[in-house]
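Shown next, in structure tokens, is the structure this report addresses.
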Amino acid sequence: MALMSHSSYASNSGGVEARKETMKLKKDIYMNDKGEIKEGSAKGLPTGWAKGKVLGRKGQEITDAQAKEWKIGVKAKAPKENKSK
């Protein structure tokens with residue numbers, strides 16, 4: 001009979017977590033009934049849209065994979081560390 005510790009159940013190799021890259025949204029992101037995804041204008045919905053569903057709000061952090069799925073922005077960068085403390 002083998003005795004295993006909890007650390008042996010780690011899902012990643014060596015117990016080190018992979019760092020996910022995130023980005024902050026600069027504008028609200030909307031999706032219409034057709035499935036089109038666009039950034040909102042200064043007044044809210046993208047121009048020419050009568051209605052839409054909010055997917056993400058300005059300032060919200062999303063992963064690089066989510067940005068690629070929505071086809072918005074450029075490659076996400078890791079947030080900078082605040083060194084002012």
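Within region 34-55, restricting attention to residues that are β-branched (Val, Ile, Thr) and under 15 Å from the mean Cα position of the chain (by Cα), the residue that is farthest from residue 69 (Cα to Cα) is 54.
Per-residue answers, yes or no, for (1) at pLDDT 85 or above; (2) part of a loop (DSSP other than H, G, I, E, B); (3) of a type in the set (Asp, Glu); (4) exposed (fewer than 11 other Cβ atoms within 10 Å of the Cβ):
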{"site": "26", "(1), (2), (3), (4)": "yes, yes, no, no"}
{"site": "30", "(1), (2), (3), (4)": "yes, no, no, no"}
{"site": "35", "(1), (2), (3), (4)": "yes, yes, no, yes"}
{"site": "38", "(1), (2), (3), (4)": "yes, no, no, no"}
{"site": "68", "(1), (2), (3), (4)": "yes, no, no, no"}
{"site": "72", "(1), (2), (3), (4)": "no, yes, no, no"}
{"site": "76", "(1), (2), (3), (4)": "no, yes, no, no"}
{"site": "81", "(1), (2), (3), (4)": "no, yes, yes, yes"}
{"site": "85", "(1), (2), (3), (4)": "no, yes, no, yes"}
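Put simply, of 47, 63 the only residue that is touching a Ser or Thr at 6+ places or on another chain (Cβ under 6 Å) and either touching a residue at least 12 places away in the same chain (Cβ under 8 Å) or crowded, with 16+ Cβ neighbours inside 10 Å (or both) is 63. Is it true that residue 58 is surrounded by 10 or more Cβ atoms within 10 Å (Cβ to Cβ), modelled with pLDDT of 80 or more and over 11 Å from the mean Cα position of the chain (by Cα)? So residue 58 passes the test.
The values are calculated or read from the model by the stated rules, or taken from the named source; none is laboratory data. None of the values given here were measured: they were computed from a predicted structure. Cβ sites come from the backbone with ideal geometry, for glycine too, and all protein chains shown count toward neighbours.
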